[in-house]
Amino acid sequence: MSEKSIPSRLAHFQAHVGKSITESGSPSAYSRWLNGTIEAVERGKITLKLQVRPEMTNPMGTLHGGVSAGIADDIMGIAVASLDYPYFFTTINLQVDYLAPAVTHDYVIAKGWIEKEGKKIIYALCEISNSQGRVLVRASSNLLALKPE
């Protein structure tokens, strides 16, 4: 398969700004479950707005740490996908710092971007904030290119 035969993922995401990930036809079941709205996207950067639903919370009623980590991993993966490489990348590590909680029905803004684009490894960052701009989660990840042999 040649690079030209692969549709632009960046153009796809850009065409769906203001729409939910579910409407975009994301191939990721987890992205569809999160069902965030694409707020902005450019090469190597994406912003999603998500509502904290009851099934995303822990017994204290705050956004579950695993879901927060999943949001961060997912948004950094979408940022990498927006680079339009003709192959996939996989997360090889994920560092998450939890700074403040979000509660059921809160809206959060997740921003993911590429900090360093290497030939084999891409270093990505994510911040999840509340609607007032308070940073709730900071995360970083290295993603490894899965180039065909």
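Derivation of every value follows stated rules applied to the coordinates shown; laboratory data play no part. No experiment lies behind these values; they were computed from the predicted model shown. All Cβ positions, glycine included, derive from the backbone under ideal geometry; neighbour counts span all protein chains shown.
Note on ARG43 and LYS19: the extension gain reaches 6.8 nm, defined as 0.36 nm multiplied by sequence separation minus the Cα-Cα distance.
Amide hydrogen proximity for ASP106: with H placed 1.01 Å from N in the peptide plane, the residues at 5 or more positions away or on another chain lying under 5 Å are VAL52. Ranked by how many other Cβ atoms sit within 10 Å of their own Cβ, fewest first, the residues ARG53, ARG134 fall in the order ARG134, ARG53. Its relative contact order, with pairs defined as Cα atoms under 8 Å and 6+ residues apart, puts the chain at 22 percent.
Helix content alone sets the calculated 222 nm mean residue ellipticity of the chain: runs of n ≥ 4 DSSP H residues at -39500 (n - 2.57) each, divided across all residues, give -6500 deg cm²/dmol. Our estimate of slack between ALA145 and GLN132, defined as 0.36 nm per intervening residue step minus the Cα-Cα distance, is 1.1 nm. For segment 42-107, the Kirkwood hydrodynamic radius from C-alpha pairs, put into Stokes-Einstein at 20 °C and a viscosity of 1.002 mPa s, yields a diffusion coefficient of 162 µm² per second.
Non-local lysine pairs in the chain, meaning eight or more places apart or on different chains, with alpha-carbon distances under 14 Å, amount to 6. Principal-axis analysis of the Cα atoms of the chain puts helix 65-81 at an angle of about 30° to the longest axis. Close amide-amide hydrogen proximity is noted between LEU83 and GLY44, each under 5 Å apart and 5 or more residues distant or on a separate chain (H modeled in the peptide plane; Pro and chain starts excluded).
Just so you know, the averaged projected area of the alpha carbon convex hull for the chain sits at 8.8 nm².
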